[in-house]
Each structure stands twice: as C-alpha cells, then as structure tokens.
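Enquirer: Once you've had a glance at the structure underneath, I'll fire off some questions.
The values are calculated or read from the model by the stated rules, or taken from the named source; none is laboratory data. The model shown is predicted, which means the values in this text are computed figures rather than measured ones. Cβ: placed from backbone, ideal geometry, glycine included. Neighbour counts: every protein chain shown. Calculation scope for accessible area: heavy atoms of the full protein, side chains included, ligands and nucleic acids excluded. Shrake-Rupley method; radii C 1.70, N 1.55, O 1.52, S 1.80 Å.
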Amino acid sequence: MHRVRGPTGEGSGLHPLPSPVVPEMPSPDAHHMIQGLTHREQPMNRRRSPRSVSAEDLLTSLQSLTARARREVEFHQARVELAQALQRDMLPATLPAVPGLQSAARYAPARHGLDIGGDWYDGFPLADGALGFAIGDVQGHDVEAAAFMGQVRIAMRAIAGTAADPGEVMGRTNDLLLSVDSSLFATCTFLRLDPQTWELHSARAGHVACVWATVDGRSGITEDPGGLPLGIEPGEGYPVTRRTLDADGALVLLTDGVVEGPSLLIEEGLDRVRRLVAANAGASADELADEVLGAAELTGHEDDAAVLVLRHAAARRGTP
C-alpha cells in the first residue's frame, strides 16, 4: 500500500519518487529478426565437429601408413631378389669352346635394378659333336618372365638333342610352350655350328638380327627370314639359313635392349653395333662382348640386355 503524497515544492521536505522503469518491448519486426538469426545459427551448430583430431590420432594413422608402405616395399624387393636368383641360376656358367672358336656372353639387368627381364642366352655341346647357341627375350619384366625364360631354355636344349635342324628345334619348342598354356611369348635365335666344316645353320623366331664382321674389313647385319615369336601360333614354321664361317671374324647375337630404346631406333642401334664390331673384329670374344654391352647405355631406357659373341679364327681352324 502506498502513502499518498501531496504536491511537492521547495521546502516541502518531500522529494519525487523516480518513475518506474518499464522494459521496452521489441517491435514485431525486431522479433522476426531475432527468430531469423536463431534459425540461421542452427545449421552452423550442426556442422561443428564434436572434437578436433588429436596428435595421438595423427601419429597412429602415420604409423599404420608407414607399416603398410614397408610391407609393400619388402614384398616388391622379395620378388626382385627371387627373379634375380632364377635368372642367375638359369643362365649357363660356361659356354662351349673348341680350337678356333671363342664364345663369350654378357647380361645386364635393368639399369636401376627395379625390374628383372627375361633376356637370356645359352650354349651347349650336342651329341654329334656340333655346338648349339641361343639367345632370346621373354615378354615382361618380373618373376613370371624369368621362370618362362627357364622353360624356353630347358625345352630348347632337350629338343636340340634329338633334332638336328634348327627350324625343327624352334617349331617343336614353340608347340611345347603353347601346350603349357602360358600367356607369355619369347623371341629367339638358335644356331647350330659344325666345328668340323664350320657350317652355321640358324633359325629365328621374331628376334633381333645378328651382326657380323671380319678382320679384313667386311661387316654386315643379317637379314635372315624367320617366323613368329615362340608361344603365339601353333604349327608355326621357321626357315633355316645356312652360311659358312670362312674368314677370321666375329658373329654377335644380342637382344633389343642393346640396340633399341626411346633415344635410339633399332636400325640406328644395329648399325652402331655393326661399326663397333667391325672396329674390334680382331679382339677376343670377352673384349668384344664387353664393348657391345656398353652400347646398351646409348638406348636411353632401362631394359635389360644380353650379348653372345662367337669369335672364329680361321688361322687356328683345322679340318679333317
């Protein structure tokens, strides 16, 4: 209950009470504005993450990724080492030699050692006294290619022991490889040399041409006919080329890793090797093999390479 006060004035002893403060009500427009702001804030609140990623979470993720990368590197390295072991054990430790003939071979893996290819060479004596020589290149650069290379080499050795004609050796090897139902194929050249008559019979399955030179200054690139690579077409025929090694010189078999690449056309690479062999026709088989393998550095790519050299010296040859 309030006391009624009279008029106020100077000397009355009475002072006016302050006016009651009435809160100002927002206008209808301001009410709608507040509601709009409230509604617009709600989606922003929903997008906020419940908590930030901690350093411990980041470290755990990094450790998991590192462990996975290490496992992949170790797996790849194991495959490379397995392919290297397969290829090293499948290539011959020695090559045949007879009076008047030296043979030497070289193999170089991919430039940086990340891949192992299917390049290979072989040389072996035959039951009738002849000598067999082969060089080839299997499609692919992995463990499967190295294993397939071993199959080709073993098959060719076995068949050459019962078949004297290089074309027959190549055809039967081709059909045998097709029978194992592999998706790979191989190019190859097979030679049969009679050290008594010095007749050389050869067959080619889609492989790179050979290079030859004599110490009297002649040289060339063989243009022998051939058939498809091994492992493509059943019943494929392989024509045989016959020649006689009637002068001192060298015959060089090689794979495309020596003469072809992004920086070098195969025709240019073969001619470069031809000039190299001609300039070193009187060198030993080992020296010439080293020189020819060095030409692989000019191809501009990282393919593997193989070289097989037959150095024939007429001055030391004997005939029956």
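Enquirer: Please give the length that would be gained between E233 and R68 if that part of the chain were fully extended, namely 0.36 nm times their separation in residues minus their C-alpha to C-alpha distance (nm, one decimal).
Expert: Length difference between fully extended and current span is 55.1 nm.
Enquirer: Let me ask something additional. Search the structure for amide H atoms under 5 Å from the amide H of A305, placed 1.01 Å from N in the peptide plane, and list their residues when 5 or more places away or on another chain.
Expert: Under 5 Å from the amide H of A305 lie the amide H atoms of A108, each far enough along the sequence or on another chain.
Enquirer: Still on this structure, I have one more. Let me understand segment 161-200 better: what is its radius of gyration from the alpha carbons, and its Dmax, in angstrom?
Expert: That works out to 12.8, 41 Å for Rg and Dmax.
Enquirer: Enumerate the calculated ³J(HN,Hα) couplings along segment 274-285 in order (Karplus 6.51 cos²θ - 1.76 cosθ + 1.60, θ = phi - 60°), each rounded to whole Hz, writing x wherever the residue is Gly or Pro.
Expert: In residue order, the calculated couplings are 4, 5, 5, 5, 4, 6, 10, 4, x, 6, 6, 4 Hz.
Enquirer: First check a/c for segment 227-274, with a ≥ b ≥ c the square roots of the eigenvalues of its C-alpha gyration tensor; if it is under 1.5, answer rounded, and if not, answer prolate when a/b is larger than b/c or oblate otherwise.
Expert: Because a/c hits 1.5 or more and a/b fails to exceed b/c, segment 227-274 counts as oblate.
Enquirer: Whole-Hz ³J(HN,Hα) for each residue in segment 287-293, computed from phi via Karplus 6.51 cos²θ - 1.76 cosθ + 1.60 with θ = phi - 60°, x for glycine and proline: what do you get?
Expert: So the J values, rounded to whole Hz, are 5, 5, 4, 5, 5, 5, 4.
Enquirer: Arranged from highest to lowest average of other beta-carbon atoms within 10 Å per residue, in what order do the peptides 159-172, 230-243 appear?
Expert: 159-172, 230-243
Enquirer: Whole-Hz ³J(HN,Hα) for each residue in segment 90-106, computed from phi via Karplus 6.51 cos²θ - 1.76 cosθ + 1.60 with θ = phi - 60°, x for glycine and proline: what do you get?
Expert: 8, 6, x, 6, 9, 10, x, 9, 9, x, x, 9, 10, 10, 8, 9, 9
Enquirer: Rounded if a/c is under 1.5, else prolate if a/b beats b/c, else oblate: with a ≥ b ≥ c from the C-alpha gyration tensor eigenvalues square-rooted, which is segment 202-320?
Expert: Oblate, since a/c reaches 1.5 and b/c is not below a/b.
Enquirer: Which whole-percent values make up P(r) of segment 143-272 when all C-alpha to C-alpha distances are grouped in 10 Å steps starting at zero?
Expert: It works out to 12, 38, 34, 14, 1, in whole percents.
Enquirer: Using a 1.4 Å probe on the protein chains only, how many percent of the accessible area of segment 225-298 belongs to carbon and sulfur?
Expert: Heavy-atom surface of segment 225-298 belonging to carbon and sulfur, 1.4 Å probe: 48 percent.
Enquirer: Can you tally the net charge around D216? Count Lys and Arg as +1, Asp and Glu as -1, for every other residue whose Cβ sits under 12 Å from the Cβ of D216.
Expert: Cβ neighbours under 12 Å give a net charge of -1.
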